[in-house]
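Remarks on the structure that follows.
The values are calculated or read from the model by the stated rules, or taken from the named source; none is laboratory data. Nothing here was measured: the structure is a model prediction, and the numbers come from that model. Please note: Cβ atoms are built from the backbone with ideal geometry, for glycine as well, and neighbour counts cover all protein chains shown. The area values use the complete protein model at the heavy-atom level, side chains included, leaving out ligands, DNA and RNA. Shrake-Rupley method; radii C 1.70, N 1.55, O 1.52, S 1.80 Å.
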Amino acid sequence: MRVGAHVPTRGRLARAVDYAEAIGADAIQIFASNPRAWSPPSLRHSAVDEFRERLDRSSVEAVFVHSTYLINVASPDPAFHRRSIDLAIAELGASAAIGADGLVVHAGAGGAGEREEGVARAAGAVREVASLGGPPVLLELTAGGGGAVASTIPQAAKLLAAVDHPRVGLCLDTCHLFAAGYPLDDPDLARTPLDELRDLGLADRLGLVHGNDARDPRGSRLDRHEHPGLGAIGEAGFRAVLADPLLREATVLVETKGRENEHGRDVAALRRLAAAV
């Protein structure tokens, strides 16, 4: 299992690798551009070269890029939908440039009461992006808020079937799954979503796991992360999830706010919980 965190670049890509080594991570996730703006990535060749050279000399084994938060591949607004696709294409290009292992894109949300239409829009958008080449596009299941296209494994199966592209996979977030109603806080039932992946033939489509605890109760539909083991999922739940054979060779990244020492504790906590089985 590769364990790491979403890390800052601090204005310079190579600093993400320095940060990763400081917190003991062997995998990282970064933003390629401002996560709260429509500006496409602007990566200088020198910065990309420096990042890749620094990466080659480091202990970091996997790199993922998280797309801009504004992107909604299922948006019912035609202009917003097009803008989302174009920005995702630009971010996929940046991901390819730095040698990333995947681009994480939220599965998106449509209008109220139009799940099928939302699935169709999301599928078309993701297929267009993935068809351009580069690293895999990993669809991240959401916490199940209004209009959510995919927050459960069966919904993810329908979305992947609609996309119908081999370079599209899944990113599961433990906080999102818990918020959507999965019983990750019950050690006897915590593997339910992973069992569903196997039952639906999607085990090989799992490309990344976000190992976040949840600040809110099961089924809250709220996407609020907590440090691993310190939230409503708890240590027993995390031990049960991380013990699943499907995750033994996976990449698990924590996405929590905090300083370097806090991220170091989170990475260490995930490793400890995974080894405690």
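Name the shape class, rounded, prolate or oblate, that the alpha-carbon gyration tensor gives for the stretch 153-208, where a ≥ b ≥ c are the square roots of its eigenvalues, rounded holds for a/c under 1.5, and otherwise prolate holds if a/b is larger than b/c and oblate otherwise. Cα axes put the stretch 153-208 in the prolate bin. Remark: spin-label model distance Leu230-Arg44 equals 3.7 nm, labels positioned 7 Å along the Cα→Cβ axis. For a paramagnetic label modelled on Asp164 (point 7 Å from Cα along Cα→Cβ), amide N atoms under 19 Å away belong, within the stretch 102-129, to 116-129. Karplus-based coupling profile of the stretch 230-245, in residue order and whole Hz: 10, x, 6, 6, x, 5, 4, x, 5, 4, 5, 5, 5, 7, 5, x, with θ = phi - 60° in 6.51 cos²θ - 1.76 cosθ + 1.60 and x standing for Gly or Pro.
Close amide H contacts of Phe64 (hydrogens built in the peptide plane, cut-off under 5 Å, sequence separation of 5 or more or a different chain): Ile28, Gln29, Ile30, Asp101.
Indicate the gyration tensor shape class of the stretch 208-277 (rounded, prolate or oblate), computed on the Cα atoms with a ≥ b ≥ c the square roots of the eigenvalues: a/c under 1.5 is rounded; otherwise a/b larger than b/c is prolate and the rest oblate. Taking the square roots of the gyration eigenvalues as a ≥ b ≥ c, the stretch 208-277 is oblate. With a Förster radius of 30 Å applied to the beta-carbon distance between Glu116 and Arg248, the computed FRET efficiency rounds to 0.25. With R₀ fixed at 30 Å, the C-beta to C-beta distance from Ala203 to Arg52 puts the FRET efficiency at about 0.45. Just want to confirm a number: the relative contact order over the chain, from Cα pairs under 8 angstrom separated by 6+ residues, in percent. Taking the mean separation of contacting Cα pairs over the length of the chain, I get 18 percent. A simple rule links phi to the HN-Hα coupling: the Karplus curve 6.51 cos²θ - 1.76 cosθ + 1.60 with θ = phi - 60°, which for the stretch 143-149 gives 7, x, x, x, x, 4, 7 Hz, with x for Gly and Pro.
Close amide H contacts of Glu226 (hydrogens built in the peptide plane, cut-off under 5 Å, sequence separation of 5 or more or a different chain): Asp213, Ala214, Arg215.
Counted by Cβ distance under 12 Å from Gly102, the other residues give a net charge of -1, where Lys and Arg count +1 and Asp and Glu count -1. Summing Cβ point charges (Lys, Arg +1; Asp, Glu -1) relative to the Cα centre of the chain gives a dipole of roughly 500 debye. For the stretch 124-251, the square roots of the Cα gyration tensor eigenvalues, ordered a ≥ b ≥ c, give a/c of at least 1.5 with a/b greater than b/c, which places it in the prolate category. Peptides 20-30, 158-168, 101-111, ordered by how many other C-beta atoms sit within 10 Å of their residues on average, highest first, read 101-111, 20-30, 158-168. If you take the Cα centroid of the stretch 189-232 and the Cα centroid of the stretch 19-41, the two points sit 22 Å apart. On the chain, 49 percent of the accessible area sits on carbon and sulfur atoms, based on a 1.4 Å probe. Solvent-accessible surface of the stretch 135-277, taken per residue with a 1.4 Å probe and all protein chains present: 40 Å². In the calculated pair-distance distribution of the chain, the portion above 29 angstrom amounts to 28 percent of the Cα-Cα pairs.
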